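This report concerns only the one structure given below.
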């Protein structure tokens with residue numbers, strides 16, 4: 001499993017996970033303002049079979065982005081972090097790491113889940 005952390009998750013969480021010896025790919029911010037294009041990273045995540053992790057659940061409301069998740073067979077987990085502090089978010093991700101590995105391996109793509117601060121999980125219908 002190779003989780004790709006969307007840039008909206010920040011850079012510190014993926015960096016901290018790397019210090020624990022976990023293989024992750026952090027999102028990349030463009031050098032001059034504005035972040036990377038969601039469509040581009042979703043295509044790359046689908047083509048490379050990365051498990052995308054994002055806090056931008058509004059991607060499901062943007063037709064082109066939702067269609068890209070479906071057409072590129074992306075597996076994505078939306079962390080609905082709200083006002084979580086980094087230590088709480090880090091703990092949540094570590095507690096759910098085994099679940100990430102299971103869905104990455106066993107869940108038919110495309111798929112999308114919401115992961116709530118309580119640890120509750122909800123599968124999202126994509127069609």
Hey, rough spin-label estimate for residue 101 and residue 63, points 7 angstrom out along Cα→Cβ, what's it come to in nanometres?
4.2
Relative contact order %, region 37-89, counting alpha carbon pairs below 8 Å whose residues are six or more apart
42
Relative contact order for region 3-124: what percent, with Cα pairs under 8 Å and sequence separation of 6 or more?
22
Using every pair of alpha-carbon atoms in region 85-127, split the distances into 10 Å bins beginning at 0 and state the percent of pairs per bin, rounded to integers.
25, 52, 21, 2
What percent of all Cα-Cα pairs in region 59-116 falls into each 10 Å bin, going from 0 up to the bin containing the maximum distance?
21, 44, 31, 4
Calculate for the chain the 222 nm mean residue ellipticity that helices alone would give, adding -39,500 (n - 2.57) per DSSP H run of length 4 or more and normalising by residue count, nearest 500 deg cm²/dmol.
-11000 deg cm²/dmol
Residue 90 to residue 121: FRET efficiency via 1/(1 + (r/R0)^6), r the Cβ-Cβ distance, R0 30 Å, to the nearest 0.05?
0.95
What ranking do 50, 99 get, fewest neighbouring Cβ atoms within 10 angstrom at the top?
99, 50
Summarise the long-distance tail of P(r) for the chain by giving the % of C-alpha pairs beyond 18 Å.
49
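FYI, it's all coordinate maths here, none of it is from the lab. The structure presented is a predicted model; accordingly, all values stated were derived computationally and were not measured. Cβ coordinates were reconstructed from backbone atoms using ideal geometry, including for glycine residues, and neighbour counts include every protein chain displayed.
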